[in-house]
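Report on the following structure.
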Amino acid sequence: MSQTALKIDATKRGDAYNNIILEKLTDINVAVITFNRPAALNALNAALVTELGWALEDCDSDDKIDAIILTGSEKAFAAGADIKEMQAKNFSTVYLEDYITKDWERVTKCRKPVIAAVSGFALGGGCEMAMMCDFIIAAENAKFGQPEINLGIIPGSGGTQRLTRAIGKSKAMDMCLTGRMMDAAEAERSGLVARVVPLAELRKEAIKTAQTIAAKSRPSVYMIKEAINKAFETSLAEGVHLERRLFHACFATDDQKEGMQAFIDKRKPEFKNQ
Ligand code: CAA
């Protein structure tokens, strides 16, 4: 698939985006959100995170979009929260504005799948943002880390929690206490990323993956997200119970009839998302 063949919609808020780029590849129902602060290695400042919130809101409510990709530049997915913006803040400021909450966590509220396509540095809040996505595809040059300890702070956007769930206690302790970086191969070995691809292939691979998901039945996609996310919040018995109920609910959809009939007819299913 050539990139030029993909139709890109201008969005209503497109003109207002100064720190991200939003592309809607409407012919394949995929949106790509690119962090765009190259001079600061995509450090996540308030303006960027606000725009990210708008873009996610827009994509999540756009019927022409079924999967979202979050990405950065070759050198950096994002090198963390913006240290220059953060440095002078005091306790009451961060506490009262509930710093690193509004819009930062918007990605976790998306019902549509969000894939992080990571090349270069994904550090601190950048690593945490990638972990908030549904899964990570990494380029071979990707580097992950929670270096907050070097700044006299601790991870503040879920790093101690999501990294621990992703790679286990021992490695999470190692990463967060030493502040060291993990390369793409170690990240794949540790289960932090779903796959590693050559840098030149990252965008293509992420779009292909998003397109594959976007072509599935939307109710199944949402239910799978809901069920897998529940695995982190509940007991095994409750999680399996939810899965069973959602599985049963699939039999109320036309897409279940179509998916199974298409298999029997040896043809591709045509899902209607209902
Ligand atoms: N915030 C603000 N600016 C940043 C930044 C950040 N997190 N990371 C990089 N930059 C800026 C640098 O200040 C520099 O700007 P100037 O040219 O104006 O000096 C520019 O981006 C390029 O950076 P470097 O010159 O440092 O590039 P490098 O290739 O030598 O090093 C790096 C790259 C190893 C990623 C290094 O920039 C670095 O260590 N960055 C900070 C990483 C970090 O500590 N992240 C955690 C932030 S705290 C956090 O995220 C809290 C949380 O949990 C939410």
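Summing Lys, Arg as +1 and Asp, Glu as -1, what charge do residues with Cβ under 12 Å from the Cβ of residue 234 carry, residue 234 excluded?
-3
Charges on Cβ only, +1 for Lys and Arg, -1 for Asp and Glu, centred on the Cα centroid of the chain; of 172, 126, 253, which one is farthest towards the dipole's positive end?
Value: 253.
Note down the relative contact order for segment 132-274 as a percent, whole number, built from C-alpha pairs under 8 angstrom at least six residues apart.
In percent, rounded to a whole number, it is 23.
Would you mind telling me the antiparallel percentage of the DSSP bridges in the chain, rounded to 5? Intermediate values should be presented prior to the final figure.
Numbers: 11 of 33 bridges.
Looking only at bridges with both residues in the chain, the antiparallel portion is about 35 percent.
Before anything else, pin down the relative contact order of the chain: Cα pairs under 8 Å, at least 6 apart, normalised by residue count, whole percent. Before the final figure, lay out each step's value.
On the way: 481 pairs, mean separation 39.4, N = 274.
Over the chain, the number comes to 14 percent.
What nm distance separates the two modelled labels at residue 98 and residue 177, each placed 7 Å from Cα along Cα→Cβ?
Label at residue 98, label at residue 177, 3.3 nm between them.
How would 17, 95, 222 line up by accessible area, probe 1.4 Å, largest first?
Correct descending sequence by accessible area is 95, 222, 17.
Using a 1.4 angstrom probe on the protein heavy atoms only, could you order 71, 50 from most to least accessible area?
Most to least solvent-accessible, the answer reads 50, 71.
For residue 146, list long-range residues whose amide hydrogen, built 1.01 Å from N in the peptide plane, is under 5 Å from its own amide hydrogen.
Result for residue 146 returns 124.
Going by amide H atoms built from the backbone, whose H comes under 5 Å of the H on residue 37, apart from near neighbours?
Result for residue 37 returns 42.
Tell me, what is the per residue accessible area of the chain in Å², probe radius 1.4 Å?
53
First select every other residue whose beta carbon is under 13 angstrom from the beta carbon of residue 164; then total the charges, Lys and Arg +1, Asp and Glu -1.
Net of charged neighbours comes to +2.
Quick one: Karplus J couplings for segment 29-38, per residue in order, coefficients 6.51, -1.76, 1.60, θ = phi - 60°, nearest Hz, x for Gly and Pro?
For segment 29-38, the Karplus curve yields 6, 10, 10, 10, 10, 10, 5, 9, 10, x Hz.
Using the Cα gyration tensor of the chain, with a ≥ b ≥ c the square roots of its eigenvalues, what is the shape: rounded (a/c below 1.5), prolate (a/b larger than b/c) or oblate (neither)?
prolate
What percent do you get for the relative contact order of segment 144-220 when only Cα pairs under 8 Å and 6+ apart count? The partial results should precede the final answer.
Numbers: 61 pairs, mean separation 22.4, N = 77.
Once normalised by length, the contact order is 29 percent.
Please enumerate, by chain and number, the lysines with C-alpha under 26 Å from the C-alpha of residue 84, excluding those fewer than 8 residues away in the same chain.
The reachable lysines, counting only those whose Cα sits under 26 Å from residue 84, are 75, 102, 143.
Indicate the gyration tensor shape class of segment 6-128 (rounded, prolate or oblate), computed on the Cα atoms with a ≥ b ≥ c the square roots of the eigenvalues: a/c under 1.5 is rounded; otherwise a/b larger than b/c is prolate and the rest oblate. Working shown, then result.
Numbers: a/c = 2.03, a/b = 1.60, b/c = 1.27.
Since a/c reaches 1.5 and a/b is larger than b/c, the shape of segment 6-128 is classed as prolate.
Once you put a point 7 Å from the Cα of residue 16 and another 7 Å from the Cα of residue 105, both along the Cβ direction, what distance in nm separates them?
Between residue 16 and residue 105, the simple spin-label model gives 2.4 nm.
In whole angstrom, note down how far apart the Cα centers of segment 198-216 and segment 39-68 are.
If you average the Cα positions of each part, the centres end up 18 Å apart.
Could you state the angle between the C-alpha long axis of helix 254-265 and the longest principal axis of the C-alpha atoms of the chain, as a value from 0 to 90 degrees rounded to the nearest 10?
60
Tell me, what ³J(HN,Hα) does each residue in segment 197-202 have, in order and in whole Hz, if you take phi through Karplus 6.51 cos²θ - 1.76 cosθ + 1.60 with θ = phi - 60° and put x for Gly and Pro?
Karplus-based 3J(HN,Hα) across segment 197-202 equals 10, x, 3, 5, 9, 4 Hz.
Which of the three applies to segment 188-274, rounded, prolate or oblate, going by the alpha-carbon gyration tensor with a ≥ b ≥ c and a/c under 1.5 meaning rounded?
oblate
Using the Cβ atoms and a cut-off under 9 Å, what net charge is assigned to the surroundings of residue 50, where Lys and Arg are +1 and Asp and Glu are -1?
Result for the neighbourhood of residue 50: -1.
If I model a spin label at residue 240 and residue 254 as a point 7 Å from the Cα along the Cα→Cβ vector, what separation in nanometres do I get?
Taking the two extended label points, one gets 3.5 nm.
The values are calculated or read from the model by the stated rules, or taken from the named source; none is laboratory data. Treat the numbers as computed from the prediction; the structure is a model and nothing was measured. Here the Cβ is made from the backbone with ideal geometry for all residues, glycine too, and neighbour counts use every protein chain on show. Each accessible area value is taken on the protein alone, full model and side chains, heavy atoms only, with ligands, DNA and RNA left out. Shrake-Rupley method; radii C 1.70, N 1.55, O 1.52, S 1.80 Å.
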